[in-house]
Structure formats: structure tokens, C-alpha cells
Amino acid sequence: MPFQAEGNLLLIIFVSYFGTQLHRPILIGVGCVVMGVGCFLQSLPHFLMDRYEYESTVSVSGNLSSNSFLCMENGTQIFRPTEDPSDCVKEVKSLMWVYVLVGNIIRGIGETPIMPLGISYIEDFAKSENSPLYIGFVETGAIIGPLIGLLLASFCANVYVDTGSVNTDDLTITPTDTRWVGAWWFGFLICAGVNVLTAIPFFFLPKMLPKEGLKNNADIIKNDKKEKQKEEVKKEKDGITKDFLPFMKSLLCNPIYMLFILISIVQFNAFVNMFTFMPKYLEQQYGKSASDAIFLIGIYNLPPICIGYIAGGLIMKKFKITVKQAAHIGCWLSLIEYLLHFLCFLMICDNSSVAGITTTYKGMQQDLYVGNTILADCNRDCNCPTKTWDPVCGNNGVSYMSACLAGCETSVGTGINMVFQNCSCIQTSGNSSAVLGLCDKGHDCSMMLQYFLILSAIGSFIYSLSAIPGYMVLLRCIKPEEKSLGVGLHTFCTRVFAGIPAPIYFGALADSTCLHWGILKCGESGACRIYDSAYFRYIYLGLPAALRGTSYIPAFLILIILKKRLLPGENACSGTVLIEAKVTGKENECKDMNQNSKVLNDDELKTKL
């Protein structure tokens with residue numbers, strides 16, 4: 001969320017640098033507690049505001065003595081713009097959004113120390129060959145959390161927002177309806193408690209750990225502690241801010257690091273958009289409810305990502321992959337997944353058939369942007385509201401904006417079980433009738449959804465498999481003392497240039513494909529009720545594809561630079577060159593070259609040997 005990113009941005013660079021001088025586990029624990037407070041604040045509006053009212057032409061009471069929502073002369077709608085101007089003023093001046101804003105900012109502040117300080121804590125005290133595996137486990141945990149969160153969100157989205165305070169049997173909408181609002185507040189309360197409980201173990205972790213692999217060598221550990229104590233005394237004398245600007249300059253002048261940030265910004269723009277709007281895409285393209293869409297995303301996408309992260313870390317550890325090899329693995333696997341992404345353009349469904357919007361009242365497709373064709377001869381004398389979205393599905397397979405616009409004259413039943421009969425706009429051989437809700441998109445569309453989800457799962461696995469090798473390039477291309485600041489600056493840039501703007505411009509582009517807007521209590525436009533699924537698909541799939549395509553230009557530049565450059569802590573004579581040196585008996589000469597600071601490529605080293 002943009003507001004959460006703003007809270008994160010307020011502190012992330014400074015926490016990333018100064019946090020390494022303090023007790024990192026305790027800072028992480030405090031961050032978790034702060035996140036819990038932010039989650040609690042975000043849930044408060046539900047308990048302070050009035051009940052949710054959705055637009056409807058149907059009486060939720062089930063009283064049929066006055067069928068004002070049906071086709072009849074002088075018919076009026078039950079839900080209509082309020083006639084009392086003071087009610088509109090009161091609604092506009094509501095400040096409930098402030099709780100969400102402040103809560104999001106506080107959550108962002110609490111999130112700030114977790115990844116930069118956590119990653120640097122692992123890197124400082126783990127073996128270099130084990131570090132990728134450990135970071136893979138951390139990243140996997142960062143996916144398992146959202147997986148559980150998506151399952152919880154799916155449950156909450158299936159529960160009506162005001163459950164417990166209204167009789168849900170009287171509702172005339174279901175979770176598949178775009179007007180449905182789930183119990184969003186319940187998830188925030190659970191997250192608040194979980195965040196506070198998660199913080200407890202961090203308060204018991206030590207500030208420093210013995211370097212992994214040196215547990216049996218007491219002298220090395222003792223000397224290491226003395227050196228670190230000397231460094232701490234020196235920092236106290238010089239001041240902890242002395243190295244901040246030199247570190248920043250070093251990072252900004254590091255071509256591999258800056259190119260990696262550029263790649264991350266472009267790729268994050270693509271993935272933030274795809275992940276944020278994926279539930280909406282599944283709703284509009286394949287006709288799924290919000291709760292079903294969230295559940296499918298959690299089941300199909302996140303487990304492959306977890307497996308990919310762990311597998312990537314294991315491969316790095318097992319085969320002792322070098323940074324240059326990791327860069328190639330990350331780049332080419334990502335490119336393979338990118339090419340697979342274009343198959344999604346083939347997995348399409350047609351627009352929902354809604355009379356007067358996507359089809360004519362005779363069931364023929366029409367131009368989606370020809371203007372208002374809501375009224376037809378069959379409903380022109382019904383005095384129907386033409387803006388209210390209360391869809392019904394006719395037994396001819398066509399949906400209508402309301403029972404009145406379908407020309408229905410009578411109804412039986414109450415709530416979501418209501419059936420409308422004698423509908424003059426529904427042309428069938430027998431008795432014309434309609435039920436609440438949009439018509440189902442059919443079996444073929446369900447199969448397309450399955451293909452899309454399977455391809456999405458495969459793509460998620462391949463991309464996550466490349467993530468850990470790619471992340472190790474980021475960590476190993478900078479000096480050890482700059483890692484925490486480097487991770488923080490990387491997060492800062494991706495939040496500023498991707499996390500904040502991406503949902504805003506992508507949402508505006510998605511709204512440009514809207515075919516019908518809902519109306520609020522005072523008559524102003526509300527949420528979009530139906531999109532042009534073809535144009536929405538082009539934006540949802542096409543824009544991320546274009547963005548990601550440009551990211552491979554700096555990726556190939558990194559591969560070229562790495563071929564001619566040594567990274568911090570890397571030996572000049574290693575890999576295939578060292579193997580050949582051992583075979584030819586020139587191992588000592590090869591090792592001597594590692595003392596030389598000059599950077600040579602493999603061909604130059606072989607020539608020198």
C-alpha cells in the first residue's frame with residue numbers, strides 16, 4: 001500500500017545504517033510491536049462507522065406488498081440518492097480514513113528494520129556458502145506469511161462486513177457480487193495479535209553471534225571479539241555518522257549495484273501491479289468471487305514460490321555457485337519465465353453478457369462505447385432507474401442491470417432466493433424468469449481459468465528459483481560493511497519508484513476500461529461494477545510485459561560488467577582457472593595472483609599462467 005510505503009520510507013535508510021550500530025534483534029522486535037499497533041488502528045473504522053449500505057432496487061425486507069423494484073408504472077427504486085443535503089455533507093466529512101492512513105504509516109515504520117537488519121544479521125554471522133540457504137528460508141517465511149494471510153483474507157471476504165449486526169438471510173447479494181464487502185476488519189485484528197506475539201523471541205536474541213564455522217576455535221573467536229570491541233571504541237570516538245556519506249557515495253558509484261536497483265524498480269513495477277490487481281483480474285476475466293480469487297492465488301502461486309526460494313538456496317549451497325554464475329542463473333531463469341508469461345494472452349473469456357452494456361436486448365454483441373443503450377422498447381415504460389447496479393440473470397443466459405430493466409413484473413421468495421417472473425425483455429419460448437446475480441461464464445471459461453492458474457504456478461516457481469541467486473548478486477557486489485545500508489537503500493528505491501506509484505497509475509489505467517460505475521448514497525460515482533474484459537486483459541498482462549522487457553537491458557549489462565570485474569572478497573584465480581592451474585602444476589602461481597589487486601578476466605589469467 002502507498003501509505004505503508006510512506007511510513008517505511010521515513011526511516012528505512014537511517015535504520016539500515018544506524019541499526020547495525022545498535023542491538024538489531026531488539027530493533028526488529030520493537031518493529032513487530034509497532035506493526036501490531038498499526039494493524040489495530042486500521043481495524044477501528046469498522047467499530048466507529050455506520051453499517052454498510054449497498055445500492056439495490058430490491059427491498060431487503062422481503063415485503064412484497066409494494067413491488068416498486070419491478071416493472072410497473074411510476075416505479076421507484078428502494079436505494080436512491082438521499083434527498084437530505086445534510087446527510088451528504090456528513091458523509092463527505094467522515095474522517096474514518098484517517099485511522100487507515102495513520103495505521104498504514106505506523107505499520108510501515110514498524111516494518112522498516114525487519115528485512116535490512118535481519119538480512120545483515122544473517123550475513124554477518126553465517127558462512128558465506130550457507131548464507132544463500134538461510135536467506136532462502138527467510139524469503140520463504142516471507143511467502144508463507146502471505147499464504148496464510150491470503151487464506152485468512154479469503155475467509156474474511158466470504159463473511160459479510162456487518163455480520164453479527166444484520167440478518168444475513170435478508171441480503172440480496174452474494175460474495176460473487178461486486179457490491180459485496182467482506183469482513184475486512186477481522187484480518188487486521190488477527191494480524192495485530194500475531195505481530196505482537198512474533199516480537200517476543202527477538203528480545204531474547206544476543207546482539208552478536210559467534211561466526212558460523214568457528215565454534216571450535218576459541219582463539220579465533222577471542223581475537224574476533226577483540227577486533228570488534230576496538231571497532232566499537234573507534235566508532236564511539238569518531239561518531240557513528242562518520243561513515244554514512246562515504247558509504248552512500250561508494251554505493252552510488254557501484255555500477256553493478258545501481259544497475260541492480262534499476263532492474264528491481266522496473267520489475268517491482270510489473271509485479272506490484274500484477275499481484276495487487278490479480279484478484280480483480282480473476283473476478284472480471286473469469287467471473288470468480290473476491291474470496292475465491294484470493295484463495296486460488298494463495299493455493300496456486302505461493303507454495304511454488306516457497307519451493308523455489310528453498311530450492312534456489314539449496315542449489316547455491318550444494319554447488320557453491322559463484323556470484324557470476326548466480327547472475328547468469330538469475331537472468332536466464334527470469335527470461336524463461338518472462339517468455340512463458342505471453343501464453344497468458346491465450347487464456348481468455350468473453351465479457352459477461354449484460355443487456356444494454358455488452359450486448360443488445362436481443363442477445364447480439366454491441367459496441368461497448370456507443371453510448372447509453374440501457375433502455376429498450378421492452379422496458380421503456382417501466383420507469384426503471386438506469387444507473388443502479390442490481391444485476392439479475394435471465395433464463396435465456398443474458399444478464400440485466402436490474403429486474404426492472406429486464407421487464408419483470410412479479411417476484412416470489414425473499415433475499416438471495418428471490419425469483420423474478422413475467423420478464424418482457426427476456427425472450428424465451430416458455431415463462432421468462434430471472435434470478436439475482438450475473439450469469440455464470442460457463443465451462444469453457446472455467447477451463448481457461450485452470451490453464452491460467454497452472455501457468456501462473458509454473459511461472460512463480462521458475463521466477464522464485466532465480467530470486468535467491470539474484471539477491472546474492474546484490475549482497476556480494478557491495479562491501480561487507482555496506483550491506484545493511486545497501487539493502488535499505490535498495491528497499492527505499494523500490495518503494496519510492498515502484499511500491500507507491502505503481503498501484504496508482506495502474507489503477508487509473510484499469511478504471512479507463514470501466515463500462516458501468518456504481519452510485520453512492522449522494523448520487524456520485526462509486527466503484528466500477530463491470531469492466532471491458534478484453535482491454536482490462538491487455539493492460540493487466542501487457543503493461544507488466546512491456547516493463548519487464550526493458551529490465552533485461554541493465555541485466556545483460558551486469559553480466560558484461562561481471563565478466564571483467566572482481567567483487568568484494570572474490571579471488572582473481574578461482575573456478576575453472578584454478579582447476580587448470582592444479583592440473584598443470586601452477587597452483588602456487590595461481591594463488592600468488594590472488595594477492596594482486598589487478599582484475600583480470602579468465603582469458604588473461606590463463607595467458608599469464
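No lab work stands behind these numbers, since they all come straight from the coordinates. Here the structure is a predicted model, which means the values were calculated and not measured. Cβ: placed from backbone, ideal geometry, glycine included. Neighbour counts: every protein chain shown.
Could you tell me what % of all Cα pairs in region 304-343 have separations over 17 Å? Let's see the in-between values first.
Working: 290 of 780 pairs.
Tail fraction, whole percent: 37.
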Gain on full stretching of the segment that runs from LEU375 to LEU339 - 0.36 nm per residue minus C-alpha separation | 8.4 nm
What is the set of long-range amide H partners of ILE530 at a cut-off below 5 Å, with H atoms built 1.01 Å from backbone N?
-> LEU515, HIS516
Listed highest first by mean packing, meaning other Cβ atoms within 10 Å per residue, what order do 141-149, 127-135 come in?
-> 127-135, 141-149
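Return the Rg/Rh ratio of region 353-438 with Cα-based radii and a Kirkwood Rh.
Values: Rg = 11.9 Å, Rh = 12.6 Å.
Here the Rg-to-Rh quotient is 0.94.
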What residues qualify as long-range amide H neighbours of THR410, i.e. H under 5 Å apart, gap of 5 or more or another chain, H built at 1.01 Å from N?
-> GLN421
Take ILE299, project a point 7 Å from its Cα along the Cβ direction, then tell me which residues of region 139-154 have their backbone nitrogen under 16 Å from it.
-> 147-154
So how much slack lies between PHE319 and THR163, counting 0.36 nm per residue of separation and subtracting their Cα-Cα distance, in nm?
-> 50.7 nm
Calculate one ³J(HN,Hα) per residue across region 306-323 by plugging θ = phi - 60° into the Karplus curve 6.51 cos²θ - 1.76 cosθ + 1.60, and present them in order as whole Hz with x for glycine and proline.
-> 4, 4, x, 4, 5, 4, x, x, 5, 5, 4, 6, 5, 9, 6, 5, 6, 5
How large is ³J(HN,Hα) for each residue in region 342-356, as worked out from phi by the Karplus curve 6.51 cos²θ - 1.76 cosθ + 1.60 (θ = phi - 60°), to whole Hz, x for Gly and Pro?
-> 5, 5, 4, 5, 8, 9, 10, 10, 6, 4, 4, 7, 10, 4, x
Region 419-492 and region 251-324 have their Cα centres apart by a whole-number Å value of 12
Two-decimal log10 I(q)/I(0) for region 106-193, as the Debye equation yields it once each C-alpha is a single scatterer, q = 0.20, 0.23, 0.26 Å⁻¹ = -0.98, -1.13, -1.25
Cβ-based net charge around ILE119, under 12 Å, with every Lys or Arg adding one and every Asp or Glu removing one | -1
HN-Hα J in Hz across region 496-512 - Karplus 6.51, -1.76, 1.60, θ = phi - 60°, x for Gly and Pro = 5, 9, 9, x, 7, x, 4, x, 6, 6, 5, x, 5, 5, 5, 5, 5
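Gain in length, TRP184 to ILE553, computed as 0.36 nm per residue apart minus the alpha-carbon separation, to one decimal in nm?
On the way: separation 369, 0.36 × 369 = 132.84 nm, distance 4.11 nm.
Here the segment from TRP184 to ILE553 would lengthen by 128.7 nm.
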List the residues of region 388-421 whose backbone N lies under 18 Å from a point placed 7 Å from the Cα of ASN431 along the Cα-to-Cβ direction.
-> 393-397, 407-414, 417-421
Amide H within-cut-off set for ILE519, under 5 Å, with H built and near neighbours excluded | TRP389, GLY526
With a 20 Å threshold on alpha-carbon distance, the violating pairs from LYS249/LYS317; LYS280/LYS441; LYS324/LYS483 are LYS249/LYS317
